[in-house]
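The values are calculated or read from the model by the stated rules, or taken from the named source; none is laboratory data. Just so you know, these numbers come straight off a predicted model, no measurement behind them. Ideal geometry is used to build each Cβ from the backbone, glycine not excepted, and the neighbour counts take in all protein chains shown. Surface areas here come from the heavy atoms of the whole protein model, side chains and all, with no ligands, DNA or RNA. Shrake-Rupley method; radii C 1.70, N 1.55, O 1.52, S 1.80 Å.
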Amino acid sequence: MTKGILITVAFALAPAVAFAQTPKAATYITDEEVKAVNATPGVDRTIRVVDIGNENFAVGIIHRVATGARGTGAGAGAGAGAGARGGANAAGGAGRGAGGGGGRAGAAAQTPCGEQATAPPSGGTPGGIAHDSQTEGYLIVSGSGTLVTGGHIVNGNKSAPDAAVTKELNGPSCSGMIAGSDVVKRVVKTGDIIVIPAGVPHGWTDIGDHVDYLSFRPSDHVLTAGYVHPAIKK
């Protein structure tokens, strides 16, 4: 990971009429804290969720190993909210590639979402995900891979209400295959920045050794402010 990362979430002053309810301090996330969270099991881990007044702002760190390696790759690398705690598969909307909610989510009845097709479309990318209300910004801090964005989800399933992808990572999401004429596949590398609006499907394929990236997630209170990853919670 790039050395010396220091993330500051700064809060702009609101108009005077709302000043009393505006946060008046910045939140600092150190390079050491990022590394501590990234060393924990899983793929996607939220570091902190901060109340910034009109919205909540979450920061996460994601680590993906080479395509085809155990528990990763296109099938398990379902985009921004992928992978927190194990569970059902990515196509189930709550699995390793989609923010896994554990055994409870895996045992829950699945709710279909996206386009439902009898046969999977040719040329589709498995392991995609789209978040109902959560926008993400990526900063690639190490490694490279092919990021797949756009199109639509086919034969998807909604994340369970108690799944980590829903509660800790990205809010309600739909996971499944990405397909469509407007799909974009682009190689991204260290230093690149990507902004993925809410509702846009995304996923990964053709990861070489690994790819690590920070995810910045502003939203209208999709995630609960005050969350701190257990690895850095004091």
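Computed values, structure above
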read-out	value
Residues of the stretch 150-163 that turn out to be open to solvent by less than 10 Å² (accessible area, probe 1.4 Å) and either within 17 Å of T46 (Cβ to Cβ) or free of Cβ contacts under 8 Å to residues at least 40 places away in the same chain (or both), as a count	1
Residues of the stretch 167-178 satisfying the condition of being open to solvent by 20 Å² or more (accessible area, probe 1.4 Å) and within 15 Å of the chain's Cα centre (by Cα)	K167, E168, P172
Failed item in (1) closer than 21 Å to G151 by Cβ; (2) in contact (Cβ under 8 Å) with a residue 60 or more places away in the chain; (3) out of contact with any strand residue (DSSP E or B) (no Cβ under 6 Å at 6 or more places or on another chain), with W204 passing the rest	(3)
Members of the stretch 191-234 found to be in contact with a Leu (Cβ under 7 Å, 6 or more places away or on another chain) and open to solvent by 50 Å² or more (accessible area, probe 1.4 Å), listed by number	I193
Test: S144 is crowded, with 16+ Cβ neighbours inside 10 Å, within 13 Å of the chain's Cα centre (by Cα) and at pLDDT 95 or above	no
Matching residues in the stretch 168-178 - criterion: being free of Cβ contacts under 8 Å to residues at least 60 places away in the same chain and either part of a strand (DSSP E or B) or among the charged types (D, E, K, R) (or both)	I178
Restricting the stretch 20-66 to residues that are in a loop (DSSP other than H, G, I, E, B) and in contact with a Phe, Trp or Tyr (Cβ under 8 Å, 6 or more places away or on another chain), the residue that is nearest to L169 (Cα to Cα)	I52
Options A88, A94, A80; residue that is open to solvent by 10 Å² or more (accessible area, probe 1.4 Å), small (G, A, S), assigned to a loop (DSSP other than H, G, I, E, B) and at pLDDT below 95	A88
Flag if S181 is in a strand (DSSP E or B) and among the small types (G, A, S)	no
Matching residues in the stretch 126-135 - criterion: being crowded, with 24+ Cβ neighbours inside 10 Å and among the polar types (S, T, N, Q)	Q134
Check on S122, farther than 24 Å from H221 by Cα, in contact (Cβ under 8 Å) with a residue 60 or more places away in the chain and out of contact with any Gly (no Cβ under 9 Å at 6 or more places or on another chain)	no
Filtered residue count, the stretch 186-211, keeping only those that are touching a Lys or Arg at 6+ places or on another chain (Cβ under 7 Å) and either assigned to a loop (DSSP other than H, G, I, E, B) or among the basic types (K, R) (or both)	1
Residue satisfying all of: in the stretch 117-132; in a strand (DSSP E or B) and of a type in the set (V, I, T); farthest from the chain's Cα centre (by Cα) among these	T125
